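All remarks here apply to the structure that follows.
The values are calculated or read from the model by the stated rules, or taken from the named source; none is laboratory data. The structure displayed is predicted, hence computed values, not measured ones. Neighbour counts run over all protein chains shown; Cβ positions are idealised from the backbone, glycine included. To get the accessible areas, we keep the full protein, side chains included, count just its heavy atoms, and leave off ligands, DNA and RNA. Shrake-Rupley method; radii C 1.70, N 1.55, O 1.52, S 1.80 Å.
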Amino acid sequence: MSSSIQILGHEFEYTFSPEAIYRLNFLDDTHVDVTVVADAGYPAGTLNHFETQMTEIRPDVHLITWIEPATGNTVTHVDDFAGNISYTNITDLASGAFWRMTGTITPLS
């Protein structure tokens with residue numbers, strides 16, 4: 001990754017709404033820990049560890065994808081770390097829903 005904003009080894013808070021807030025800790029270029037701050041379906045403090053694929057689109061803009069092992073749901077982010085914005089799409093296999101969310105990214109560490 002050649003971005004000027006350091007992502008790997010750092011934590012960011014993603015706020016999509018007051019009911020959808022998550023902390024993402026990018027452990028390395030293939031792993032992220034996601035901690036629930038607020039979510040209707042998961043208690044605050046729930047920690048999930050995902051294997052990711054990250055592709056730099058341009059400096060400070062990344063396509064980040066993963067599959068949630070417990071559900072098979074897919075998550076796709078286009079994250080603009082310089083602009084502090086995330087475009088996120090999630091498939092929910094159980095309900096057949098497809099969520100499109102836009103939120104802010106706040107660096108924490």
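Some notes on this structure:
- Carbon + sulfur, % of accessible area of the chain - ligands and nucleic acids excluded, 1.4 Å: 55 percent
- Simple spin-label estimate for Asp39 and Glu51 gives 2.0 nm between the two label positions (7 Å along the Cα-to-Cβ direction from each Cα).
- Rolling a 1.4 angstrom probe over the protein heavy atoms with all chains in place gives the chain an accessible area of 55 Å² per residue.
- Cα-centred dipole magnitude for the chain, charges only on beta-carbon of K, R (+1) and D, E (-1), debye, nearest 20: 180 debye
- Among Gly41, Val75, Asn25 the positive-end extreme of the charge dipole of the range 15-86 (Cβ point charges): Gly41
- Stretching Ala94 away from Thr15 to a fully extended chain increases their span by 26.0 nm, per 0.36 nm per residue minus the current alpha-carbon distance.
- Relative contact order %, the range 1-69, counting alpha carbon pairs below 8 Å whose residues are six or more apart: 25 percent
- Once both labels are positioned 7 Å from their Cα atoms along Cα-to-Cβ, the gap between Thr71 and Thr102 label points is 2.3 nm.
- The range 37-109 and the range 6-22 have their alpha-carbon centroids 9 Å apart.
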